[in-house]
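One structure is given here, and the rest of the page talks about it.
The values are calculated or read from the model by the stated rules, or taken from the named source; none is laboratory data. Not measured: the values here are computed from a predicted model. With ideal geometry, Cβ positions are generated from the backbone for all residues, glycine too; neighbour counts draw on all protein chains shown. SASA here: full protein model, heavy atoms, side chains in, ligands and nucleic acids out. Shrake-Rupley method; radii C 1.70, N 1.55, O 1.52, S 1.80 Å.
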Amino acid sequence: MIGLIENAGGPPAAAGYLVRLVESIFQQGGHLQTALQLDHRPQQAAMARATAQALTNNQALLFEAGTGVGKSLAYLIPALIHAIDSERPLIVSSHTISLQQQIRSKDLKICRQLFDAVPALARYASFKTALMIGKGNYCCTTRLQHALKDAQSSKQTEFLTSDSTAELLRLAQWSATSKNGVLQELSPAPQPDVWDAVNADSSICCKKNCDPATCFYQRARKQLLSANCVIVNHSLLFALINAGM
């Protein structure tokens, strides 16, 4: 657990509360079985209980489990409950961006379904998530508009060939309907020189120049402030740590 806001934190829960609640979810005949019709998995239940104990005691936990154990739910459910109760965001780090997206679109969706389905867990169902990847993966609409203006004026830059201009127009059409504005959404991938000219990895992309209502990167940053669960990849996590996050 890493707090993004200094001194954030709610009142401590009653002793053993998280462990008891997690046991009621993962035990034989527990909420996962009755509410979502998922199979009881003893190893998953053991991992979930160990996670709850580690969070309660503010201790590190290293857990290794094979395929089919249900590791994601075993750590996400206890950690989400703890994040909301403690008012401190949960940071989940994965190896790749595709795994980040899987956690958000699949695993966290199951967590929400569980919380929605069980009255005793209903207060946790409204958790907010944010997915953060490297700055260079986001399209900056401010830089994109600047590049389009240059392409349409007489001040053509070296990269703005006719092919590049067509690529900019494709990116403009895509950005108008894209939800997250990230490179991984584009197929086929954009020309590298064009993407270098419009991505957010530039001093131009900042709160002063970019509105979170239209800039994908600034919007993602803003979402971090209210998120209960922030999903990053290992590279970004280490970069944040090195930067003194």
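For Ala130, indicate whether it is under 30 Å from Ile25 (Cα atoms) and of a type in the set (Gly, Ala, Ser).
On the way: under 30 Å from Ile25 (Cα atoms): yes; of a type in the set (Gly, Ala, Ser): yes.
Considered against the rule, which asks whether it is under 30 Å from Ile25 (Cα atoms) and of a type in the set (Gly, Ala, Ser), Ala130 comes out as yes.
Remark: pairs (first residue in the range 205-219, within 13 Å of Tyr138 (Cβ to Cβ); second residue of a type in the set (Ser, Thr, Tyr) and outside any helix (DSSP H, G or I); Cβ separation under 6 Å; 6+ apart in sequence or on different chains) = Phe216/Tyr138; Tyr217/Tyr138. Residue pairs whose Cβ atoms lie under 6 Å apart, separated by 6 or more positions or on different chains, with the first residue in the range 21-34 and farther than 12 Å from Leu73 by Cβ and the second crowded, with 20+ Cβ neighbours inside 10 Å and among the β-branched types (Val, Ile, Thr), do not occur.
Only a single item in (1) closer than 30 Å to Ser72 by Cβ; (2) in contact with a Ser or Thr (Cβ under 7 Å, 6 or more places away or on another chain); (3) of a type in the set (A, V, I, L, M) is not met by Leu236, and it is number (2). Identify, please: which residue in the range 58-107 is among the hydroxyl-bearing types (Ser, Thr, Tyr) and under 18 Å from Thr129 (Cα atoms) and is, among those, surrounded by the most Cβ atoms within 10 Å (Cβ to Cβ)? The extreme case among them is Tyr75.
Of all residues being without any contact (Cβ under 8 Å) to a residue 24 or more places away in the chain and either in contact with a strand residue (DSSP E or B) (Cβ under 8 Å, 6 or more places away or on another chain) or in a helix (DSSP H, G or I) (or both) in the range 175-194, which is surrounded by the most Cβ atoms within 10 Å (Cβ to Cβ)? Just the residue, please.
Start the filter on the range 175-194 by keeping residues that are without any contact (Cβ under 8 Å) to a residue 24 or more places away in the chain, which leaves 176-177, 179, 185-190, 192.
Cutting the leftovers down to either in contact with a strand residue (DSSP E or B) (Cβ under 8 Å, 6 or more places away or on another chain) or in a helix (DSSP H, G or I) (or both) gives us 176-177, 185, 192.
Values: Ala176: 8, Thr177: 6, Glu185: 14, Pro192: 9.
The residue in question is Glu185.
Would you mind stating whether Leu131 is open to solvent by less than 40 Å² (accessible area, probe 1.4 Å) and in contact with a Lys or Arg (Cβ under 6 Å, 6 or more places away or on another chain)? Yes: the conditions hold for Leu131.
With respect to Gln102, determine if the residue is closer than 21 Å to Asn233 by Cα, of a type outside the set (Ser, Thr, Tyr) and without any contact (Cβ under 8 Å) to a residue 24 or more places away in the chain.
On the way: closer than 21 Å to Asn233 by Cα: yes; of a type outside the set (Ser, Thr, Tyr): yes; without any contact (Cβ under 8 Å) to a residue 24 or more places away in the chain: yes.
Taking the combined requirement at face value, the residue satisfies it.
Please work out which residue is least open to solvent (accessible area, probe 1.4 Å), limiting yourself to the range 195-245 and to residues that are outside any loop (DSSP other than H, G, I, E, B) and among the charged types (D, E, K, R).
Here is the first cut: in the range 195-245, the residues outside any loop (DSSP other than H, G, I, E, B) are 195-199, 216-224, 229-242.
Pick out the ones that are also among the charged types (D, E, K, R) and you get 196, 219, 221-222.
Numbers: Asp196: 99, Arg219: 67, Arg221: 112, Lys222: 130 Å².
For the range 195-245, the residue satisfying everything is Arg219.
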